[in-house]
Structure formats: C-alpha cells, structure tokens
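The values are calculated or read from the model by the stated rules, or taken from the named source; none is laboratory data. Bear in mind that the values here come from a model prediction, so they are computed numbers and not experimental data. Reconstructed Cβ throughout: ideal geometry from the backbone, glycine too, with neighbour counts over all protein chains shown. Side chains included, ligands, DNA and RNA excluded: accessible areas come from the protein's heavy atoms. Shrake-Rupley method; radii C 1.70, N 1.55, O 1.52, S 1.80 Å.
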Amino acid sequence: MHKWFEYDLEKARDWHKQFVEKYSDTEFVYQGETKELNSWGCVYGQGAGMYMIQEEQLFGYILDIHNALIDMGLDKEAFDWVLVTHTPGTRLGMHQDEEEWLTVHIPLYTNDHAYWTIGGTRYLMPTDGCYIINSTQPHDVVNYGDTDRIHLYFSIRTDQVEKVYQQLNIKES
C-alpha cells in the first residue's frame, strides 16, 4: 500500500453527498442478512452498496481529479470509477484481483476498525490521501466498526502503474 496524493476531503465528501442525492437509484445494495456469505465469500453489512460510476456521472471535484490523472498520462479508457459503502459488519473475504489491475482508493469515511489485510499485515487507510493497493496480492477488507467505510476507487492497469511509481520514487511491490 502506497500513499499517492493528497486531496481535499471536504470537497470529495461534498461530491459524494451530491452523487448519492442524484444517482441513488443506480446503487447496488446488498439485501441479505448481515452474516450471510455470498457466492464470492463476502459478507455485506445491511445497506452496503456499490456504484459503478459512468463517465457522465463524473462531475465537479472528482471530475477534476479524473482529468488531472489523464493529464498525468494515464489512459482514459484504462480505468473505471467505483463508489463503495461498507456498512458495519462487511467483510470481503480473502481474494485476489485480476493480474492486470491495481486499485487506487480515495477514502471518504472510515473508522479505526475498518482495515485491509495484505500479506498478513493489517493496514488502516486514513482519509489523509489517495492510496495505491497491489490488489493482485491476496487481501481482505473488513469493517468491524460501527460507522460506514466509504471509498471512491478506480482500477489502473499494472502497465500504467510504473508511471505512478516513478512519480513516487518507489519500487513496485
């Protein structure tokens, strides 16, 4: 997990509020019991949700971030935005994402009991910046707190990550 850039948390939260007001009817909301495993091995807390954000749904501050990423040289067609709400009790279960993609997270809301486990190490992801996650490694995400964990994220092709890592002056991990 590597911190990439800082962002204006209040502007990002304001975008989130406007997005939910405008597009709440497009949300995937898990309707099962809190302790019910789904076919992927995930347990979603009551009211957990996920939006697959369409290009026309990008606006305001998040569109500014999106455009800045394009200006940095990232392929516009290579990443998609997702907004997830992990309500208390949500656990994604240990899994690996596809080899071609890493995820970049912008935490909007979190708590001290919402964390990632990657390679046996537990990570908190505070709202102080944007983070690149090597999601091709086995990882688990949980929210055992009593408030929602809300992240805006996008996937980035692994062949594009070198640009980011050069910018951060770090070795790929």
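Just to be sure, is Leu124 without any contact (Cβ under 8 Å) to a residue 60 or more places away in the chain and either within 18 Å of Phe5 (Cβ to Cβ) or of a type in the set (Phe, Trp, Tyr) (or both)? So Leu124 fails the test. Only one of the numbered conditions (1) part of a loop (DSSP other than H, G, I, E, B); (2) among the hydroxyl-bearing types (Ser, Thr, Tyr); (3) modelled with pLDDT under 95 is violated by Tyr153, and that is (1).
A quick yes/no check of all residues on (1) at pLDDT 90 or above; (2) in contact with an Asp or Glu (Cβ under 8 Å, 6 or more places away or on another chain); (3) outside any loop (DSSP other than H, G, I, E, B):
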| site | (1), (2), (3) |
| --- | --- |
| Glu77 | no, no, yes |
| Asp97 | no, no, no |
| Leu102 | no, no, yes |
| Leu108 | yes, no, yes |
| Asn111 | yes, yes, no |
| Pro126 | yes, no, no |
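With the condition kept exactly as written, say whether any residue in segment 85-105 is under 20 Å from Lys11 (Cα atoms), out of contact with any helix residue (DSSP H, G or I) (no Cβ under 7 Å at 6 or more places or on another chain) and open to solvent by 70 Å² or more (accessible area, probe 1.4 Å). Scanning segment 85-105, I find no residue that is under 20 Å from Lys11 (Cα atoms), out of contact with any helix residue (DSSP H, G or I) (no Cβ under 7 Å at 6 or more places or on another chain) and open to solvent by 70 Å² or more (accessible area, probe 1.4 Å), so the answer is no. Any idea which residue in segment 119-138 is nearest to Lys17 (Cα to Cα), counting only those that are surrounded by fewer than 19 Cβ atoms within 10 Å (Cβ to Cβ) and among the β-branched types (Val, Ile, Thr)? So, considering only residues that are surrounded by fewer than 19 Cβ atoms within 10 Å (Cβ to Cβ) and among the β-branched types (Val, Ile, Thr), the one nearest to Lys17 (Cα to Cα) is Thr127.
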